[in-house]
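The structure appears below as structure tokens.
What follows is calculated from the coordinates using simple rules that are stated; it is not laboratory data. It should be emphasised that the depicted structure is a prediction, and the values quoted were computed from it without experimental measurement. Every residue, glycine among them, receives a Cβ derived from its backbone with ideal geometry; neighbour counts consider all protein chains shown.
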Amino acid sequence: MIKIVGISGSPRKEKNTEFLVKLALESIKEKEPSVETVFIPLSEKYFFGCLSCGYCHEHYGCSQKDDLYPVLEQLKDETIKGLIIGSPVYMGGMSSQTKAFLDRTVLFRRNQFKFQHLLGGALATGGSRNGGQELVLQNIHASLMIHNMIIVPDSAPTSHFGGAVWERVPGGMENDPIALETVKNLGYNMASLIQKMFLK
């Protein structure tokens, strides 16, 4: 079995970022139905960032037994072959929830690079057309690269950094087909790589 996990780093439940992460996961399933997709929202979870306590240098786990702890434990599943991380744009960067989550994943790096060679993709949604989406995508990519993950962009013909969406397009983001295409193409591209790397 192969699993792909989608993480929504928005503090808001059932809003734009959650919709987009689910859309990317649905696109994976559309192209490769055998893949199991798992959606994990960080909304309504109460947690802090990394405390640099050193616990994960000695243990395969985190010292903080908060709402994020079960998520980190869930990500130890070795059938997981990829992550899609979505974040809203806050002050030109990723949300504090997304940043805290990514910082806490350091435990996987410190324990034999457990995320090494997993596929990694990013989604970003912002209130302005050019309000920082690409910066957020690249910042998420940077964290994934530190794990030695394989970065997956959206695929041709949009093919850039991942899913980039303007949420305040007149009539709602559902009326921005180019933006939604980048999200779907990220899913399709990840599914294609899964087929080549794990299902051949």
What's the extension gain from Arg12 to Gln112 if we count 0.36 nm per residue and subtract their Cα-Cα distance?
32.6 nm
Which whole-number percentage describes the relative contact order of the range 1-111, with Cα contacts under 8 Å and a sequence gap of 6 or more?
40 percent
Please give every one of the lysines within straight-line cross-link reach of Lys200, meaning a C-alpha to C-alpha distance under 30 Å, and leave out same-chain neighbours fewer than 8 residues apart.
Lys3, Lys22, Lys29, Lys31, Lys76, Lys81, Lys114, Lys184
Normalised by the number of residues in the chain, what is the relative contact order in percent for Cα pairs under 8 Å and 6+ residues apart?
23 percent
Given [x] 50, 42, 24; [y] 53, 39, 33; [z] 47, 36, 32, the label whose value is Cα extents along the principal axes in Å derived from this model
[x]
May I ask for the longest run of the chain untouched by GluC sites (Glu not before Pro) that are loop-located per DSSP and have at most 13 neighbouring C-beta atoms (other than their own) within 10 Å?
79-200
Per residue of the range 139-144, in order, report the coupling 6.51 cos²θ - 1.76 cosθ + 1.60 (Karplus, θ = phi - 60°) as ³J(HN,Hα) in whole Hz, putting x for Gly and Pro.
5, 5, 4, 4, 5, 5
Please report the relative contact order for the range 69-128, taking Cα pairs under 8 Å with a sequence separation of at least 6, and give it as a percent rounded to a whole number.
50 percent
Under the rule of at least 5 residues apart or a separate chain, name every residue whose amide H is placed under 5 Å from the amide H of Gly121.
Leu83, Ile84, Ile85, Val152
Of the DSSP beta bridges with both residues in the chain, give the percent that are antiparallel, rounding to the nearest 5.
5 percent
